[in-house]
Amino acid sequence: MQTIRGTKDILPNEIQDWQKLYTEALKILNLYNYHEIRTPIIEPTELFTKGIGHTTDIINKEMYSFIDQSNRNITLRPEGTASIARAFISNKLYKTSNIQRLWYMGPMFRYERPQNGRQRQFHQIGIECIGSNSPMADIEVIKIAHIILQKLKCPKYKIEINSIGNQKEREKYKQVLINYIEKYKDEIDIDSKKRLYTNPLRILDSKNINTQKILKDAPCISQYLEKESKENFELVCEHLHLLKIPYLVNRRLVRGLDYYNYTAFEIINQNLDNKQTICGGGRYDNLIQKLGGPNTPGVGWAIGIERLILLINKNKKNISKEARFYIITQGSKAKKKAWDLIHLLEINNIKFHLDLSSSSFQKQIKKANKNNTKGCLILGDQEIDNNTITIKWLHEYYQETILYTNIIKYLQIKSKIQI
Ligand code: ATP
Ligand code: MG
């Protein structure tokens, strides 16, 4: 049996990368006072149609939706922000604190054409800073994304940023953009044609070369931004500069989801063969109210974990796993004593691996050699009778038999393990 197309097992030899990512991110997010939140993977379909918007790819083509036994319309979440906004409202989080700094990590589902770095079940880590309309919040979240990527030694990325203004400014711009593109209606790609009257901003995102050529002379949203939008954006840029966070203003950058306003940004991998977005984010001041909550602004981002790990691993030299001690026993008394040894190793934080076979010493030692082993801890009849234990150092090619009661001290001295 195979996994469903576009889904993958994450195997034990890959999981180290995931655990590292979680641990490093957790440290940084703790420092910045962000709190983890876990929401259900299934949500009412309406949450996403209302929140993300009817004219987006996610809603039109990519949703995993189904009707359950009680005739409810259910969707496997395609992204995190709408669920967090829902949780913020349904748990009345606004009552506990003016500002909610939240983060999440988990699987998302989108029915897309699978390819390298694009799956149908993929994972995101994301943050949301809810409750502030200060551009300082925009800067904080961008800074955190940058620090996490730095900490994980993510190579060659570029932060692109834009302001897509507020709704009023965008409506004005949309009309101007439609007027411009209408002149080239028959030359643009089919997808863009479909979007012309429903979601013209998304045409700016088109990958079609011909459409991009036409867009070269298209009017820019920056021309339609009013004082407040302009000042906010300038402040964000000024502070990024101050923080020495490299960024690039991309006037064509719009985000795929309807709920964004003002700051929008993406972090893009610069590798020539595979230019994919690692992180997408921005400000969403109307989402929470649109979903029935109090008028509350927010800003956040999501990083695609698979894409990030692919990128990190391209640059990573093989790190060897930490070696452990291999416990070898023979005879029923030795097997019982193994539990006492394990207890000692456990309380002293020394990593081990218990051989579960009843095969000969030689065979067990052979297996120890295949595993990532520092040395073998051997308990046989002789050791039991004399209250000793034999340590066979596999890399140094020698063995010693010592008093069993000295084992921990011995291991600590020999392998320089600090208590
Ligand atoms: P793209 O343009 O590549 O489809 P997107 O704009 O749809 O990306 P977002 O909705 O902004 O992506 O999601 C944030 C991040 O999640 C992306 O930058 C990417 O790293 C990751 N991501 C999105 N869709 C997928 C997918 N199908 N498989 C793997 N990662 C994904
Ligand atoms: Mg997409």
(message) For the chain, set up a GNM with springs between Cα atoms under 10 Å and report which of Asp17, Asp355, Asp285 has the largest fluctuation.
(response) Asp355
(message) Expected output is a single nm value to one decimal: the length gained when fully extending between Thr401 and Leu47, i.e. 0.36 nm times separation in residues minus the C-alpha distance. What is it?
(response) 120.8 nm
(request) Would you mind checking which residues have amide H under 5 Å from Arg324's amide H? H placed 1.01 Å from N; only 5 or more apart, or other chain. (result) Thr373, Lys374
(message) What does the C-alpha gyration tensor say about the overall shape of the range 324-415? Classify as rounded when a/c is under 1.5, otherwise prolate if a/b is larger than b/c, or oblate.
(response) rounded
(request) Considering only protein heavy atoms, with the full assembly of protein chains and a 1.4 angstrom probe, order Glu171, Glu24 by accessible area, largest first. (result) Glu171, Glu24
(request) Starting from the Cα gyration tensor of the chain, take the square roots of the eigenvalues, sort them a ≥ b ≥ c, and report rounded, prolate or oblate (rounded when a/c is under 1.5, otherwise prolate if a/b is larger than b/c, else oblate). (result) prolate
(message) On a full-extension model of 0.36 nm per residue, what is the gain between Asn71 and Gln412, subtracting their alpha-carbon distance, rounded to one decimal in nm?
(response) 116.5 nm
(request) Convert each backbone phi in the range 126-135 into a coupling constant with the Karplus relation 6.51 cos²θ - 1.76 cosθ + 1.60 (shift: θ = phi - 60°), then list the ³J(HN,Hα) values in order as whole Hz, x for Gly and Pro. (result) x, 10, 9, 10, 10, x, 10, 9, 6, x
(request) Using a 1.4 angstrom probe, figure out how much accessible area the chain has per residue, in square angstrom, rounded to the nearest whole. (result) 54 Å²
(message) Net charge within 12 Å of Ser359 by Cβ-Cβ distance, Lys/Arg positive one each and Asp/Glu negative one each, not counting Ser359 itself?
(response) +2
(request) Considering the convex hull of the alpha carbon atoms of the range 115-157, report its projected area averaged over all viewing directions, in nm², one decimal. (result) 4.5 nm²
(message) A 26 angstrom limit on the alpha carbon distance is what I want to check against. Which of Lys143/Lys216; Lys20/Lys351; Lys172/Lys216; Lys193/Lys216 exceed it?
(response) Lys143/Lys216
(request) With all protein chains present, calculate the accessible area of Asp385 using a 1.4 Å probe and round the result to the nearest 10 Å². (result) 120 Å²
(request) State, in angstrom, two size descriptors of the range 1-107 derived from its alpha carbons: Rg to one decimal place and Dmax to the nearest whole number. (result) 16.6, 50
(request) Mind checking which of Trp301, Pro114, Ser360 is farthest towards the positive end of the chain's charge dipole, using Cβ charges of +1 (Lys, Arg) and -1 (Asp, Glu) about the Cα centre? (result) Ser360
(message) Using each residue's phi in the range 301-313, evaluate 6.51 cos²θ - 1.76 cosθ + 1.60 at θ = phi - 60° and report the 3J(HN,Hα) Karplus result to the nearest Hz, with x for Gly and Pro.
(response) 8, 9, 10, x, 5, 4, 4, 5, 5, 4, 5, 5, 5
(request) Obtain the nm distance between the two label points defined at Ser332 and Leu242 by a simple spin-label model: each point lies 7 Å from its Cα along the Cα-to-C-beta direction. (result) 7.6 nm
(request) Please list the non-local residues whose amide H lies under 5 Å from the amide H of Gln124, H modeled 1.01 Å from N, same-chain partners needing a gap of 5 or more. (result) Gly106, Met108, Ile305
(message) Within 10 Å of each candidate Cβ there may be at most 14 other Cβ atoms; applying that plus a DSSP loop requirement, which trypsin sites (Lys or Arg not before Pro) in the range 103-160 survive?
(response) Lys153, Lys156
(request) Return the carbon/sulfur percentage of the accessible area of the chain, one whole number, probe 1.4 Å, all protein chains in place. (result) 51 percent
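The values are calculated or read from the model by the stated rules, or taken from the named source; none is laboratory data. Computed from a prediction, not measured in an experiment: that's the story for all the values here. Every residue, glycine among them, receives a Cβ derived from its backbone with ideal geometry; neighbour counts consider all protein chains shown. The area values use the complete protein model at the heavy-atom level, side chains included, leaving out ligands, DNA and RNA. Shrake-Rupley method; radii C 1.70, N 1.55, O 1.52, S 1.80 Å.
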